[in-house]
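Inspection log for the structure reproduced underneath, given as structure tokens.
The values are calculated or read from the model by the stated rules, or taken from the named source; none is laboratory data. From a predicted model like this one, the values you see are computed outputs, not experimental measurements. Cβ: placed from backbone, ideal geometry, glycine included. Neighbour counts: every protein chain shown.
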Amino acid sequence: MNFLSHFYFELPNTNPYFVAGLAVPDLTIHFSKRYNQIIKGADIPAANDLAEIHRGILAHYAADKKFHNSPLFLNQVSVLIQECLKQGLDRRRWRLSVLSHLAVEMMLDRQIYHHQKEICSQYYSVLQLADMERIEYYFDHMGIALEKQDFIPKFQLYIEKRFLERFDDLESIVWGLGKIYSFVTKTLFTDLENKQLLAALSNIDEEMRYRWQDFLKV
């Protein structure tokens with residue numbers, strides 16, 4: 001799942017610290033390593049706000065485990081891989097399984113935004129209610145200070161820029177995919193590849209538009 005999908009999946013829980021916790025794994029580099037080493041087996045903090053952050057992180061991984069193994073998600077990834085190949089993206093140059101996995105997640109957020117923009121507005125309003133100092137203290141409490149240094153500036157920028165509100169435009173998703181994919185693989189899209197990916201996403205957009213709620217029934 002992606003950011004808005006996680007929020008939607010956990011509704012009606014709108015505790016600001018829980019919702020902030022949902023975003024931690026996707027905004028912190030290599031966070032899964034720390035999750036497996038420290039957080040997964042740790043006691044839930046006694047302080048309520050820290051406990052909610054912790055529960056949000058646990059909920060993120062629990063939902064991802066269900067979602068990423070669901071037949072509908074796996075099939076949509078396969079469909080997008082074939083669309084990318086049809087548009088001319090080179091399998092020898094691109095890890096299309098990784099690219100398509102990321103793209104389907106972002107396309108699901110697009111559908112939520114397209115159909116229920118108020119959910120996106122609610123999401124950002126909830127995040128703004130979380131005290132940044134308490135979020136920082138959670139990282140200190142868990143002994144993951146390096147991850148705090150990575151997460152906090154990204155989280156502040158994420159709230160400020162409200163990037164999910166651009167998901168009505170497929171080109172914004174292509175731009176976002178390019179940023180994420182280049183960070184992970186050090187491979188940059190050419191202008192032609194951007195157009196090819198945009199065409200592939202356009203071809204699956206209509207199908208996902210009418211089935212988006214089914215993806216979240218996991």
Matching residues, region 85-94, being in contact (Cβ under 8 Å) with a residue 40 or more places away in the chain, more than 21 Å from the chain's Cα centre (by Cα) and at negative phi:
86, 87, 89, 93
If a residue has to be in contact (Cβ under 8 Å) with a residue 60 or more places away in the chain, among the hydrophobic types (A, V, I, L, M, F, W, C) and more than 22 Å from residue 130 (Cα to Cα) to count, how many in region 18-62 make the cut?
2
Determine, yes or no, whether residue 105 is among the acidic types (Asp, Glu) and touching a Phe, Trp or Tyr at 6+ places or on another chain (Cβ under 9 Å).
yes
Of all residues in region 171-188, count the ones that are of a type in the set (Phe, Trp, Tyr), at pLDDT below 90 and either in contact with a strand residue (DSSP E or B) (Cβ under 6 Å, 6 or more places away or on another chain) or surrounded by 14 or more Cβ atoms within 10 Å (Cβ to Cβ) (or both).
1
Just to be sure I understand, how many residues within region 160-218 are under 30 Å from residue 130 (Cβ atoms) and either without any contact (Cβ under 8 Å) to a residue 24 or more places away in the chain or touching a Gly at 6+ places or on another chain (Cβ under 6 Å) (or both)?
13
Please count how many residues of region 37-60 are within 19 Å of the chain's Cα centre (by Cα) and loosely packed, with under 14 Cβ neighbours inside 10 Å.
0
Taking the options 176, 143, name whichever one is on the phi > 0 side of the Ramachandran plot, out of contact with any Pro (no Cβ under 8 Å at 6 or more places or on another chain) and not hydroxyl-bearing (Ser, Thr, Tyr).
143
Which is within 22 Å of residue 105 (Cα to Cα), in contact with a His (Cβ under 7 Å, 6 or more places away or on another chain) and surrounded by fewer than 17 Cβ atoms within 10 Å (Cβ to Cβ), of 214, 205, 168?
168
List the helices (runs of 4 or more DSSP H) inside region 1-41, counting only whole elements, that have at least 2 residues being at pLDDT 95 or above.
3-10, 16-27
Look at region 81-102 and say how many of its residues are within 26 Å of residue 30 (Cα to Cα) and out of contact with any Cys (no Cβ under 6 Å at 6 or more places or on another chain).
12
Members of region 176-189 found to be over 22 Å from residue 121 (Cα atoms) and either part of a helix (DSSP H, G or I) or touching a helix residue (DSSP H, G or I) at 6+ places or on another chain (Cβ under 9 Å) (or both), listed by number:
177, 178, 179, 180, 181, 182, 183, 184, 185, 187, 188, 189
